[in-house]
Ligand SMILES: Cc1cc2nc3c(=O)[nH]c(=O)nc-3n(C[C@H](O)[C@H](O)[C@H](O)COP(=O)(O)OP(=O)(O)OC[C@H]3O[C@@H](n4cnc5c(N)ncnc54)[C@H](O)[C@@H]3O)c2cc1C
């Protein structure tokens, strides 16, 4: 890049790379900072698959980074099971939509983004931050740069760790995503491999005191535990690939912007993965930030504080609402005792029959509102 960049993005995860591509499309020059040697070919071994909503899909399609169908399985039904017979079923047809969301293979998505970045002449990959009118911090939940800007982060640690892996299933997944709440744990099966697939990405949020034992279990024992926890819904299971784990937290930065800087993605907020919304929120952040920068008055620089406050105002309420809803659900299923159990399962069944309320929640989670630019 001959001239200095307009924007320096610190962090080359999915959020940072998507933002770089959006800004380059607006003819802004971008320096993208990542750990030395990382991100150039995009090859990672992340075992996860993310549930991405329609707004995220539209954004990634507009960047020509949406994976092929075998790596982005459309979900037609989502079945959420309580711990005492309660059940909520979301159905794409009922919502008048082709899918509730798509389960996207993370390494494939990262590779698509990395390749698009490599082909974009207005983006320079650099090993260290460079001066620019605007610095956007996309360093994830453990960002160190935030404190340089005087940001405080309110963090509540959950008493759970998420264990993720992939399982081959005896029966096809039939494009259904499953979630079971039981005994303080939350198990999710997300369909993989396209509509005809018979494997799932597993995210098991388990209480810390059980996490070590489950994480260290043999592949056979782990499969047996999952078969029991999933009520043998997909038959016998066989582990494919590695197991990985993450401590879980709810976190929100007190300020997202200042003169010449902004936060986006997990650097600004993290939510429990039970909602499958973390990256959807991060992608909505960068869509909004790019939109605000593109629409700026000609006399404002990209780092203008008034401009950046428009971005913060537009995004904070959405993130707060998602964080509160997810946290409420996590806490509801952590309450011990039979009365609480009866009440929440009764509430689930009532919610399942609630019509307009259920549809509103479904459409919010589906990210139905944002048009692609
Ligand atoms: C088990 C699990 C399941 C999940 N499932 C879903 C789901 O189904 N749907 C969904 O929407 N979300 C999901 N999420 C949330 C999702 O993982 C995050 O929201 C998303 O990865 C955030 O992306 P990011 O780019 O902001 O941060 P990260 O993915 O953390 O990327 C940050 C990047 O910045 C780099 N970096 C860090 N520090 C520096 C530095 N100082 N300088 C330069 N670079 C730096 C890092 O190396 C990394 O590449 C899940 C999370 C977990 C834990």
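All of the numbers you see were taken from the coordinates with simple rules; none came from a lab. Note that this is a predicted model, so its numbers are computed, not measured. Don't worry about glycine lacking a Cβ; one is built from the backbone with ideal geometry, like all the others, and counts go over all protein chains shown.
Run the numbers for residue 240 and residue 224: contour at 0.36 nm per residue of separation, minus the present Cα-Cα distance, in nm. Could you put the intermediate results ahead of the total?
Details: separation 16, 0.36 × 16 = 5.76 nm, distance 1.41 nm.
Difference between extended and current length: 4.4 nm.
Once you place label points 7 Å from the Cα toward the Cβ at residue 216 and residue 25, how far apart are they in nm?
4.8 nm
Go ahead and run the numbers for FRET between residue 320 and residue 232, Cβ-Cβ distance against an R0 of 35 Å, rounding to 0.05.
It comes to 0.35.
Going by C-beta contacts inside 10 Å, put 206, 319 in order with the fewest on the left.
319, 206
With a 10 Å cut-off between alpha carbons and a GNM built on the chain, which of 267, 164, 223 moves the most?
For the chain, modelled as a Gaussian network with Cα springs under 10 Å, the answer is 223.
Compute the Cα gyration tensor for segment 40-103, then decide on rounded, prolate or oblate, letting a ≥ b ≥ c be the square roots of its eigenvalues: rounded whenever a/c is under 1.5, prolate when a/b is larger than b/c in the other cases, and oblate in all that remain. Kindly include the intermediate steps, with their values, before the conclusion.
Values: a/c = 3.29, a/b = 1.63, b/c = 2.02.
Cα axes put segment 40-103 in the oblate bin.
Once you place label points 7 Å from the Cα toward the Cβ at residue 360 and residue 207, how far apart are they in nm?
About 3.4 nm separates the two model spin labels.
What fraction of the Cα pairs in the chain, stated in percent, has a spacing above 41 angstrom?
I get 12 percent for the Cα pairs in the chain exceeding 41 Å.
For helix 14-25, report the angle its Cα long axis makes with the longest principal axis of the Cα atoms of the chain; keep it between 0 and 90° and round to the nearest 10°.
40 degrees
Can you tell me the 0 to 90 degree angle between the C-alpha axis of helix 305-332 and the longest principal axis of the chain, rounded to 10?
Once rounded, the angle reads 10 degrees.
Per-residue ellipticity at 222 nm for the chain, helices alone: DSSP H runs ≥ 4 residues times -39500 (n - 2.57), over residue total, nearest 500 deg cm²/dmol? It would help to have the intermediate numbers written out before the result.
Working: 10 runs with 129 residues, N = 373.
Taking each H run of at least 4 residues, the total per residue is -11000 deg cm²/dmol.
How big is the gap, in Å, between the Cα center of segment 9-34 and the Cα center of segment 52-95?
26 Å
What distance in nm lies between label points placed 7 Å from Cα along the C-beta direction at residue 295 and residue 93?
In this crude label model, residue 295 to residue 93 measures out at 3.9 nm.
Could you bin all the Cα-Cα distances of segment 1-147 into 10 Å bins starting at 0 and give me the percent of pairs in each, rounded to whole numbers?
In order of increasing distance, the bins hold 11, 35, 29, 16, 8, 1, 0 percent.
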